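**Student:** Sending over a structure as structure tokens; questions will come in a sec.
The values are calculated or read from the model by the stated rules, or taken from the named source; none is laboratory data. These figures come from a predicted structure and were not determined experimentally. Ideal geometry is used to build each Cβ from the backbone, glycine not excepted, and the neighbour counts take in all protein chains shown.
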Amino acid sequence: MDVPVNLRDEAETVLRAWDALERGRGGEPVIDFDCAPTDAQIVPAPDRLDVYRRLRELRGRASGAVAARLDGDLAYLGALLGEHRPLDEYVRATQGCAAAGWPEEYVVERGERARAALESLGVSWGAATADELERVEVPLPAEEAGEAIRRAAEHYEPAVRALTGATASYTLTIETVEVDAYWAFWLDGAGERIRLRLNLANARFTEAGVRRFALHEVLGHGLQSVGIGAHGAGAPWPRLLSVHVPYQVALEGPAQAMPLFVAADDPVLTARVRLDHYVQLVRAELHLAVGDGADPAACADHARSRVPWWSDRTIADQLSDRGADPSLRSYLWAYPAGLDWFAALAEADTKVIEKVFHALYRAPLTPAELAGLHPAGPPVGGPGRPVRLRAAAVP
């Protein structure tokens with residue numbers, strides 16, 4: 001095997017071997033998007049301890065972007081090996097931001113804003129909200145979803161490229177699967193190839209939904225990842241994107257908030273973003289509560305008071321994902337942290353918005369780098385709050 005020419009390449013070699021090990025044993029992939037695919041044969045690492053030792057040795061020589069990446073890898077792999085760091089420490093190491101949370105009055109205010117947006121569409125707030133919203137979004141047969149997403153992506157692509165300055169091309173493949181997982185849509189890929197999987201076990205398709213997921217998955221994650229790869233040849237950062245390292249806030253945030261920037265005249269999409277913002281803040285409350293060892297029944301009562309249309313199964317999955325899964329205990333924090341930051345960015349000066357999005361589609365950014373581009377933005381991960389579970393029906 002050729003000796004890697006620099007520390008970034010050494011790190012990529014170890015990460016590819018770790019990824020091959022996990023895939024070979026039926027585990028979660030380490031690499032979700034490969035921005036620098038290779039034809040070289042990848043030899044799986046012999047075991048996780050071997051990977052851990054190699055990553056620690058590399059971290060002892062690393063600095064800057066490579067060090068930040070390796071900190072996330074070591075924290076996540078340590079969790080796979082049985083380590084259980086406090087939540088805030090774990091999220092800081094993996095996602096690069098605090099697991100601080102948001103004040104209750106802020107969560108309630110976001111809920112009131114979401115409720116007003118739904119009411120403007122004729123959707124009430126209560127146990128039937130999800131069903132009423134689905135009717136407003138217009139249900140779509142599952143067999144038509146893939147082509148509808150592709151058409152929506154083609155429709156919005158010029159606006160997203162104008163916003164981001166992205167010039168990279170991509171090839172899109174859409175597949176359907178049925179797996180027992182939290183996600184309904186998932187995008188991965190390598191180089192210029194992006195793959196969107198539709199999880200028929202979870203997804204409910206609507207006309208508005210395919211517009212939203214074209215923006216989120218194809219033109220958010222897909223075009224952004226391809227753009228990062230196109231600028232990565234001489235970059236200092238390892239060119240392998242993973243959900244447990246501190247780029248996810250800058251990947252999930254813009255993908256979720258994209259309608260606010262390129263489809264602000266679509267009331268259904270903007271209402272959905274307002275609702276998602278609120279729901280992500282509630283999920284963050286549960287994330288913190290589970291991290292503090294709260295009683296699951298109390299967490300469930302709180303969740304039902306905040307989001308009255310959630311089923312027990314939905315709530316149980318929320319708690320299990322955030323408390324028991326080493327990957328999701330880290331990664332799922334990127335959703336509320338990212339959407340909250342980018343929802344605020346949508347109200348900033350257009351020059352600031354342009355500066356942020358042009359940077360996003362050229363390099364993987366950490367929360368600290370986002371804050372440097374927009375110092376007036378809110379603290380990534382929230383300003384902090386105590387966890388106070390409630391049973392009363394509040395927005």
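**Student:** Do any helices (runs of 4 or more DSSP H) entirely within the stretch 275-358 hold 2 or more residues that are of a type in the set (A, V, I, L, M, F, W, C), and if so, which? Steps first, answer last, please.
**Tutor:** Numbers: elements: 296-306, 312-324, 326-331, 334-345.
Qualifying helices (runs of 4 or more DSSP H): 296-306, 312-324, 334-345.
**Student:** Oh, and also: Which is in a loop (DSSP other than H, G, I, E, B) and either on the phi > 0 side of the Ramachandran plot or in contact with a Lys or Arg (Cβ under 8 Å, 6 or more places away or on another chain) (or both), of 167, 173?
**Tutor:** Working: 173 fails: in a loop (DSSP other than H, G, I, E, B).
Result: 167 is the single residue among 167, 173 that is in a loop (DSSP other than H, G, I, E, B) and either on the phi > 0 side of the Ramachandran plot or in contact with a Lys or Arg (Cβ under 8 Å, 6 or more places away or on another chain) (or both).
**Student:** Restricting attention to the stretch 229-245, does a residue exist that is in a helix (DSSP H, G or I), modelled with pLDDT of 95 or more, closer than 19 Å to residue 66 by Cβ and among the β-branched types (Val, Ile, Thr)?
**Tutor:** The answer is no, given that none of the residues of the stretch 229-245 is in a helix (DSSP H, G or I), modelled with pLDDT of 95 or more, closer than 19 Å to residue 66 by Cβ and among the β-branched types (Val, Ile, Thr).
**Student:** Hey, any hits in the stretch 176-188 for a residue that's modelled with pLDDT of 90 or more, hydrophobic (A, V, I, L, M, F, W, C) and either assigned to a helix (DSSP H, G or I) or in contact with a strand residue (DSSP E or B) (Cβ under 7 Å, 6 or more places away or on another chain) (or both)?
**Tutor:** No: the stretch 176-188 contains no residue that is modelled with pLDDT of 90 or more, hydrophobic (A, V, I, L, M, F, W, C) and either assigned to a helix (DSSP H, G or I) or in contact with a strand residue (DSSP E or B) (Cβ under 7 Å, 6 or more places away or on another chain) (or both).
**Student:** Here's a follow-up. Considering the stretch 345-395 alone, what residues qualify as being within 18 Å of residue 262 (Cβ to Cβ) and either crowded, with 17+ Cβ neighbours inside 10 Å or in contact with a Cys (Cβ under 7 Å, 6 or more places away or on another chain) (or both)?
**Tutor:** The answer is 345, 353, 356, 357, 359, 360, 361.
**Student:** Something else about it: Given (1) surrounded by fewer than 17 Cβ atoms within 10 Å (Cβ to Cβ); (2) free of Cβ contacts under 8 Å to residues at least 40 places away in the same chain; (3) not in a loop (DSSP other than H, G, I, E, B), identify the lone condition not met by residue 82.
**Tutor:** The failed condition is (3).
**Student:** Search the stretch 178-207 for residues being β-branched (Val, Ile, Thr) and within 20 Å of the chain's Cα centre (by Cα), and hand back the single one that is nearest to residue 220 (Cα to Cα).
**Tutor:** Among those residues, the one meeting the criterion is 194.
**Student:** In addition: Starting from residues that are more than 21 Å from the chain's Cα centre (by Cα) and within 22 Å of residue 345 (Cβ to Cβ), keep the ones in the stretch 154-177 and report whichever is surrounded by the fewest Cβ atoms within 10 Å (Cβ to Cβ).
**Tutor:** Applying the filter and picking the extreme gives 158.
**Student:** Among the residues of the stretch 88-111, write down those that are in a helix (DSSP H, G or I) and in contact with a Leu (Cβ under 7 Å, 6 or more places away or on another chain). Spell out how you get there, then give the answer.
**Tutor:** Filtering the stretch 88-111 for residues in a helix (DSSP H, G or I) gives 88-95, 104-111.
Within the stretch 88-111, 107, 110 qualify.
**Student:** Here is a follow-up. When only residues in the stretch 274-315 that are β-branched (Val, Ile, Thr) and under 19 Å from residue 385 (Cα atoms) count, which is surrounded by the fewest Cβ atoms within 10 Å (Cβ to Cβ)?
**Tutor:** 279
**Student:** Something else about it: Of the residues 377, 381, only one is on the phi > 0 side of the Ramachandran plot and in a loop (DSSP other than H, G, I, E, B); which?
**Tutor:** The match here is 381.
**Student:** All but one of (1) within 20 Å of the chain's Cα centre (by Cα); (2) among the β-branched types (Val, Ile, Thr); (3) within 14 Å of residue 284 (Cα to Cα) hold for residue 108; which doesn't?
**Tutor:** Single failed check for residue 108: (1).
**Student:** Right, here's the next one. What number goes with the only condition from (1) surrounded by fewer than 20 Cβ atoms within 10 Å (Cβ to Cβ); (2) in a helix (DSSP H, G or I); (3) not β-branched (Val, Ile, Thr) that residue 75 does not pass?
**Tutor:** Unmet for residue 75, out of (1) surrounded by fewer than 20 Cβ atoms within 10 Å (Cβ to Cβ); (2) in a helix (DSSP H, G or I); (3) not β-branched (Val, Ile, Thr): (1).
**Student:** Please determine, by comparing only the residues of the stretch 132-146 that are acidic (Asp, Glu) and surrounded by 12 or more Cβ atoms within 10 Å (Cβ to Cβ), which one is nearest to residue 307 (Cα to Cα).
**Tutor:** This residue is 132.
**Student:** Please enumerate the residues belonging to the stretch 33-70 that are in a loop (DSSP other than H, G, I, E, B) and either β-branched (Val, Ile, Thr) or touching a Ser or Thr at 6+ places or on another chain (Cβ under 6 Å) (or both).
**Tutor:** Matches in the stretch 33-70: 38, 42, 43.
**Student:** Right, here's the next one. Quick one: how many residues across the stretch 366-388 are within 21 Å of the chain's Cα centre (by Cα) and modelled with pLDDT of 95 or more?
**Tutor:** 16
**Student:** So which residues in the stretch 189-212 are under 17 Å from residue 139 (Cβ atoms), in a strand (DSSP E or B) and β-branched (Val, Ile, Thr), if there are any at all?
**Tutor:** Result: 206, single match.
**Student:** Given the criterion more than 26 Å from residue 331 (Cβ to Cβ), modelled with pLDDT of 95 or more and either hydrophobic (A, V, I, L, M, F, W, C) or touching a strand residue (DSSP E or B) at 6+ places or on another chain (Cβ under 8 Å) (or both), identify the matching residue among 108, 51.
**Tutor:** On the way: 51 fails: more than 26 Å from residue 331 (Cβ to Cβ).
Only one candidate qualifies: 108.
**Student:** Enumerate the pairs (first residue in the stretch 292-304 and under 14 Å from residue 318 (Cβ atoms); second residue anywhere and basic (Lys, Arg) and at pLDDT below 95) with beta-carbon separation below 6 Å, excluding pairs fewer than 6 apart on the same chain, so at least 6 apart or on different chains.
**Tutor:** Within 6 Å, the pairs are 302/390.
**Student:** Right, next: Please verify whether residue 45 is buried (at least 21 other Cβ atoms within 10 Å of the Cβ), among the hydrophobic types (A, V, I, L, M, F, W, C) and more than 30 Å from residue 362 (Cα to Cα), treating the condition exactly as stated.
**Tutor:** Yes, satisfied.
**Student:** Just to be sure, is residue 345 of a type in the set (A, V, I, L, M), within 16 Å of the chain's Cα centre (by Cα) and modelled with pLDDT of 95 or more?
**Tutor:** No; evaluated as a whole, the condition is false for this residue.
**Student:** From 325, 317, which residue is farther than 22 Å from residue 242 by Cβ and of a type in the set (Asp, Glu)?
**Tutor:** Residue meeting the stated conditions: 317.
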